[in-house]
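Scroll down for the structure; my scribbles are underneath it.
Each reported figure results from applying straightforward, stated rules to the coordinates on display, with no laboratory input. Since the model is a prediction, treat every value here as computed from it, not as a measurement. Please note: Cβ atoms are built from the backbone with ideal geometry, for glycine as well, and neighbour counts cover all protein chains shown.
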Amino acid sequence: MLRYSADRRTLVWALAMPVVAFIPYFRPELAGWLWPVSCYLALSAGVIAHNHNHTQTFKGRKLNAIFGNWLSIFYGYPTYAWVPTHNLNHHKFVNKAGDATITWRFTNKHNALVAGTYFFVSSYYQSEPIKDYIRKAKEKNPQLYRTIIGQYVFFIGTHLALLSLAVALHGWKIGFKVWGLMFLVPALFALWTIMFFNYIQHVHTDPWSEHNHSRSWVSPLLNYLLFNNGYHSAHHEIAGAHWSTLSALHAKLAPDIDPRLNERSFWWFCLRNYLLAPFVPSLGTHQIGRAPFDDPALSAPAAPVTAAVDAFESGVNAARA
Ligand SMILES: [Zn+2]
């Protein structure tokens, strides 16, 4: 059934998602303890959906479609949206102009405010390629359009059913709390965090460079918990490589990547940039190489033009002399 045996672990996580989320449906007093676990599993659902979207998990088409929908319940958005915002947009432009998820929309500064609000800014601008994709599907690809509508119906319908079940079992107040802590809060956490990851993986990197276009995290624990999503440079260079192969791929690329872009600890990175750098700026990230908005194609022709002007002026001067 599986294309890669490493995805057996993916399935264990995918099965753990509803198991944990449903415990408070029977024991509502446990919701207050279990919601952090649900948050982690929802984030895993997002990360797995990203991997699944690049390299399908199962051999069969039907199973892949079901799996995408399954994950969407937990990370909080219909799964088709990865295609217009991520595959066709982010992977194509990699934080350069045209990428709806650019980290430098209003400023290239990196601090807690810009990083913390990136989710809202990025979501707003991602709605454009999403709307465009739906419009084109409606006009030219009725089957894709039906799939998209089907995913929304499934996603919204499932959540209404999950909320109704919780309310039917425990009444409005506790029922809403159980659904909220087990599904709503984890999904919001997952969406915010996935976009935050996208932000820190690209802020102050050099999209014009062959290997310095992304920031990677090499911690084995983080990569175990998040299915190798720390190896972002390797992921961008071979987007179709299965997640289980990324650590080997990163090891090959690492010598060519600016060492400042290979971070070890996620928490130390956050502490440095958001708490220490306001007082000691050297501890924060700084633009490495060429900034995303500094298009070499726009600055390169300047040289021949200047040379031509120089030649013309020296000719004029020579004629005067
Ligand atoms: Zn990707």
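Rounded to the nearest 10 degrees, the angle from helix 142-179 to the longest Cα principal axis of the chain is 50 degrees. Taking amide H positions as modeled 1.01 Å from N, with prolines and chain starts lacking one, the residues under 5 Å from Asp206 and 5 or more places away or on another chain are His213, Ser214. Kirkwood-type hydrodynamic radius, segment 223-267: 10.8 Å, calculated from all non-identical alpha-carbon pairs.
State which entries of Lys136/Lys252; Lys62/Lys136; Lys62/Lys138; Lys62/Lys140; Lys109/Lys138 exceed 28 angstrom in Cα-Cα distance in the structure shown. Pairs exceeding the cut-off: Lys136/Lys252; Lys109/Lys138. Shape descriptor for segment 106-243: Rg over Rh equals 1.05 (Cα atoms; Rh from the Kirkwood inverse mean 1/r). With no solvent and one point on each alpha carbon, what is the Debye value of log10 I(q)/I(0) for the chain at q = 0.08, 0.10, 0.11, 0.14 Å⁻¹? Result of the Debye calculation: -0.44, -0.65, -0.77, -1.18.
The distance linking segment 31-45 with segment 214-287 is 24 Å (Cα centroid to Cα centroid, whole angstrom).
Our summary gives segment 1-160 a relative contact order of 20 percent, counting only alpha carbon pairs under 8 angstrom and 6 or more residues apart.
Are there trypsin sites (Lys or Arg not before Pro) in segment 46-144 that DSSP marks as loop and that have at most 10 other Cβ atoms within 10 Å, and which are they?
Loop-located and lightly packed - Lys59.
If you filter segment 103-154 for chymotrypsin sites (Phe, Trp or Tyr not before Pro), then keep DSSP loop positions with at most 15 other Cβ within 10 Å, what is left? When the chymotrypsin sites (Phe, Trp or Tyr not before Pro) of segment 103-154 are filtered for loop state and at most 15 Cβ neighbours within 10 Å, Phe106 remain. In loop segments of segment 170-264 as defined by DSSP, the GluC sites (Glu not before Pro) with at most 12 further C-beta atoms inside 10 Å of their C-beta are Glu210. With a threshold of 23 Å on the Cα-Cα distance, the over-threshold entries among Lys96/Lys131; Lys59/Lys131; Lys92/Lys131 are Lys59/Lys131.
The label-point distance for Leu271 and Leu113, in a model that sets each label 7 Å from Cα toward Cβ, rounds to 2.5 nm. Computed per residue of the chain from DSSP H runs no shorter than four, each worth -39500 (n - 2.57), the mean residue ellipticity at 222 nm is -20000 deg cm²/dmol. Placing a pseudo-label 7 Å from each Cα along the Cα-to-Cβ vector at Leu160 and Ala248 gives an inter-label distance of 4.8 nm. The shape of segment 54-106 can be summarised by an equivalent ellipsoid whose semi-axes, obtained from the alpha carbon gyration tensor, come to 27, 13, 7 Å from longest to shortest. Here segment 2-79 has an Rg and Dmax of 13.2, 41 Å, counting Cα atoms alone.
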